[in-house]
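Undergrad: This is the structure I have questions about; it appears just below.
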Amino acid sequence: MEIDPFIFRLSIFILSIFIGYYVVWSVTPSLHTPLMSVTNAISSVIIVGAIIAALAGNSVNVFDTANIFGFLAIILAAINIFGGFLVTQRMLAMYKKKKDKK
Amino acid sequence: MISVNLLAIFYLISGVLFILALRGLSSPETSRRGNLYGIIGMALAIGVTVLSVGNFSSGFIYLIIFLAIGGSIGAFIAFKIPMTAMPELVAGFHSLVGLAAVFVAISAFLNPEIFNLGTPGSIKIASLIEMSLGAAIGAITFTGSIIAFLKLRGIMSGSPITFFGQHYLNLILGICLIGLISYLCITQINTLFWTIIVISFLVGVLLIIPIGGADMPVVISMLNSYSGWAAAGIGFTLENTALIITGALVGSSGAILSYIMCKGMNRSFFNVILGGWGATDQTSTSSSKEQKKPVKNGNADDAAFLMKNASSVIIVPGYGMAVAQAQHALREMVDALKKNGVKVSYAIHPVAGRMPGHMNVLLAEANVPYDEVFELEEINNDFANCDVAYVIGANDVTNPVAKSDPQSPIYGMPVLDVEKSKSVLFVKRSLSPGYAGIDNDLFYRDNTLMLFADAKKMTEEIVKSL
């Protein structure tokens, strides 16, 4: 009997939920807004699926129906990736300690 | 071309980098490095995916073009957006993740061969369930976030929209979705898949319209969570560990934030989701206005005098500060007070503002050091020893009724013990109640001085008289 690969993925999923649970509870409340923008950015790793959808396939025509959806998803995810990480960076740069003031 | 196993290992590495990105946020010092880990993880995931496809023909050029288009739009928004508009921005970004999930699911459905999921018309059952769930949650996230965005932007009224049988309609649509997904698995008919997406779009709208504008912190965290689950669903379809890990992280992150927000309002999650709370606003507003109780009215000079002679001042910012963009003026006022030897700290309620941590970002923007800013539990005992509490744009979160009156809708909600300080300065435009529609007892206390003005103007005037 072999274990279905799905079970492995499910294990990763469940364990990641627990990691997420403990990691997020340790996030300081003052950084909850950057937390939201950065989770936003990383959830756009869905671009991986979009890239495969857009580029793979045997069609001669680059803009096959299935590919078009892939390309559209690439644009959306790219907005999110760049926007999410940069706005997080911008916010985090503002958090300063007392000493930093002259 | 890289081997499937190597690819999986790289995805695992980027998953780990994303965990480190979140871990970094445990303190502001490590947060910037955390963000860098996130960026590296993303670059790695994109890089190895492109290598694995190994298609460097015309499609590759289009990929670069589309990445550049999206990237520059994103970068432009990130640099232009004012910090007060962060809630809208985050809601907008959630909608994009949701829609991207829908699009990826659609292309996987139309062209399953490229993802090794079978052929059109005979897609593996498990994959079909995963992709339709991913698409459905993605679609709900998309339209839900758009409604949240419109409400936050003020394009759509923040008041809850409810109608008869709303919850039943949602329930029926939910059951429909489950039924359609099972039917799709048996028959593999294309139209069913499209119907699932359309119904999910509708559900997204219906879920968010009954929720009042002031409950937005919960909504926004909840949609954050949904976008994660959608990503995880797609991750299962594509058998991609990076997506599964990230989806789980984002999903639980959003869920925890929603929980924290609900707890901050002492309401259950379902109570918020079922909505319609703000609907009673109008009635209670009119009744409270009939009986006029005396209030002490002050001006900027009075406030300046009080604070200058105080030894400690606690500032309580709320959403009103964000609306009036008063954070910079506030910092100037605090600087002036510090020159006079006054000890100043900031007290932030968990649900102050329109999203978790909203006030902290605004204060950080105004160069307020983060170690002067305290959470409710950290500072609440200090009000008793403090001379002046300066309430700027906050209301319900300071209402002592939450502790004394079991009849009050906000009874049991954790509040800042502002009334315990020697005197309270309350900057507000009028005596109107907050979103909960209840009169704030604090206005009529002997130690309260009301400053009726715009938060920014009043603070600027105080700076002048200091």
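Every number here is computed from the coordinates shown, using simple stated rules; none is lab data. Just so it is clear, the model here is predicted, and its values are computed rather than measured. Glycine gets a Cβ as well: all are built from the backbone with ideal geometry, and neighbour counts include every protein chain shown.
Undergrad: Going by amide H atoms built from the backbone, whose H comes under 5 Å of the H on B:Val344, apart from near neighbours?
TA: B:Val313
Undergrad: Return the percentage of antiparallel bridges among DSSP beta bridges fully within the protein assembly as shown, rounded to the nearest 5 %.
TA: 10 percent
Undergrad: With a Förster radius of 56 Å, plug the Cβ-Cβ distance of B:Val295 and B:Ser3 into 1/(1 + (r/R0)^6) and report the FRET value to the nearest 0.05.
TA: In this case the efficiency is close to 0.15.
Undergrad: Which of the peptides B:58-65, A:88-95 is most tightly packed, and how do the rest follow, judged by the mean count of other Cβ atoms within 10 Å per residue?
TA: Ranking, from highest mean packing down: A:88-95, B:58-65.
Undergrad: Nothing charged except the Cβ atoms of Lys and Arg (+1) and of Asp and Glu (-1): what's the magnitude of the dipole of chain B about its Cα centre? Round to the nearest 20 debye.
TA: In total the dipole reaches around 360 debye.
Undergrad: Sum -39500 (n - 2.57) across every DSSP H segment of at least 4 residues in the protein assembly as shown, then divide by the residue count to get the 222 nm mean residue ellipticity, nearest 500.
TA: -20500 deg cm²/dmol
Undergrad: Given the Cα-Cα distance of B:Thr195 and B:Asn116 and 0.36 nm per residue of separation, how much length would full extension add, in nm?
TA: 26.0 nm
Undergrad: Helix hunt in chain B: which complete DSSP H runs extend at least 27 Å axially by C-alpha with mean Kyte-Doolittle at least 1.0?
TA: Flagged H segments are B:4-24, B:58-80, B:86-110, B:125-153, B:166-187, B:190-208, B:216-238, B:241-264.
Undergrad: Another one. Let me check the size of chain B from its C-alpha atoms; what are the radius of gyration and Dmax in Å?
TA: Rg then Dmax for chain B, in Å: 25.4, 79.
Undergrad: Something else: For region B:333-447, what size does the Cα cloud have along each of its three principal axes, sorted from largest down, in whole Å?
TA: 43, 32, 28
Undergrad: When DSSP beta bridges are limited to those with both residues in chain B, what percentage is antiparallel, rounded to the nearest 5?
TA: 10 percent
Undergrad: Going by average Cβ neighbours within 10 Å, how do the peptides B:356-367, B:164-175 rank, with the highest at the top?
TA: B:356-367, B:164-175
Undergrad: Another question, if that's okay. Is there a quick way to get the dipole size of the protein assembly as shown? I mean about its Cα centre, with the Cβ of Lys and Arg at +1 and of Asp and Glu at -1; what is the value in debye to the nearest 20?
TA: 1120 debye
Undergrad: Per residue of B:33-43, count partner chain C-beta atoms within 10 Å of its C-beta, then hand back the mean as an integer.
TA: 5
Undergrad: More than 18 angstrom separation, counting every C-alpha pair in region B:419-464; what % is that?
TA: Roughly 35 percent, once rounded to a whole number.
Undergrad: Between B:Asp405 and B:Leu274, what length in nm is gained on full extension when 0.36 nm per residue of separation is reduced by their alpha carbon distance?
TA: 44.7 nm
Undergrad: Just checking the output field for B:106-117: average partner chain Cβ neighbours within 10 Å of each residue's Cβ?
TA: Whole-number average of other-chain Cβ neighbours for B:106-117 is 6.
Undergrad: Kirkwood hydrodynamic radius (Cα pairs, Å) of region B:121-270?
TA: It works out to 16.2 Å.
Undergrad: Using alpha carbons only, how many degrees (0 to 90, rounded to 10) separate the axis of helix A:65-92 from the longest principal axis of chain A?
TA: 10 degrees
Undergrad: Let me ask something else about it. Starting from the Cα of B:Ile40, step 7 Å along the direction of its Cβ; do the same at B:Arg429; then give the gap between the two resulting points in nm.
TA: 4.8 nm
Undergrad: Positive end of the charge dipole of the protein assembly as shown (Lys, Arg +1 and Asp, Glu -1 on Cβ, about the Cα centre): tell me which of B:Val250, B:Ile175, B:Val334 has its Cα farthest that way.
TA: Among B:Val250, B:Ile175, B:Val334, the one farthest towards the positive end of the dipole of the protein assembly as shown is B:Val334.
Undergrad: Also, quick follow-up: What does the highest-first list of B:421-428, B:140-147, B:94-101, A:42-49 look like by mean Cβ count within 10 Å?
TA: Per-residue mean Cβ counts within 10 Å order the peptides as A:42-49, B:94-101, B:140-147, B:421-428.
Undergrad: Right, next: Which value, in Å to one decimal place, does the Kirkwood hydrodynamic radius take for region A:1-93 when every pair of different Cα atoms is included?
TA: 15.8 Å
Undergrad: Under a plain spin-label model, where a point goes 7 Å from the Cα along Cα-to-Cβ, how far apart in nm are B:Ser58 and B:Leu173?
TA: According to this spin-label approximation, the distance is 4.1 nm.
Undergrad: Okay, moving on. For chain B, what's the relative contact order in percent, using C-alpha pairs closer than 8 Å and at least 6 residues apart?
TA: Averaging sequence separation for qualifying contacts and normalising by length gives 14 percent for chain B.
Undergrad: Pairs to check: B:Lys293/B:Lys338; B:Lys339/B:Lys422; B:Lys308/B:Lys403. Give those whose C-alpha atoms are more than 28 Å from each other in this structure.
TA: Going by Cα-Cα distance, B:Lys293/B:Lys338; B:Lys308/B:Lys403 fall outside the 28 Å limit.
Undergrad: At each listed q (0.08, 0.09, 0.11 Å⁻¹), what is the log10 of I(q)/I(0) that the Debye formula gives for the protein assembly as shown modelled as equal alpha-carbon point scatterers?
TA: The calculated log intensity ratios at q = 0.08, 0.09, 0.11 Å⁻¹ are -0.56, -0.69, -0.96.
Undergrad: Give the residue from B:Cys386, B:Leu431, B:Ala352 lying farthest towards the positive end of the charge dipole for region B:333-466; charges sit on Cβ (+1 for Lys and Arg, -1 for Asp and Glu) and the dipole is referred to the Cα centre.
TA: Ranked along the dipole, the leading option is B:Leu431.
Undergrad: Taking the convex hull of the Cα atoms, report for region B:1-123 its projected area averaged over all directions, in nm².
TA: Reported value for the Cα convex hull: 9.6 nm².
Undergrad: Report, in degrees rounded to the nearest 10, the 0 to 90 angle that the Cα long axis of helix A:32-43 makes with the longest principal axis of chain A.
TA: Compared with the principal axis, the helix lies near 20 degrees.
Undergrad: To the nearest 20 Debye, how big is the dipole of region B:295-358 about its Cα centre, given +1 on the beta carbon of each Lys and Arg and -1 on that of each Asp and Glu?
TA: 140 debye
Undergrad: A further question on this structure: Using a 10 Å cut-off on Cβ to Cβ distances, tally the other chain neighbours for every residue of B:218-231 and report the average as a whole number.
TA: That average works out to 2.
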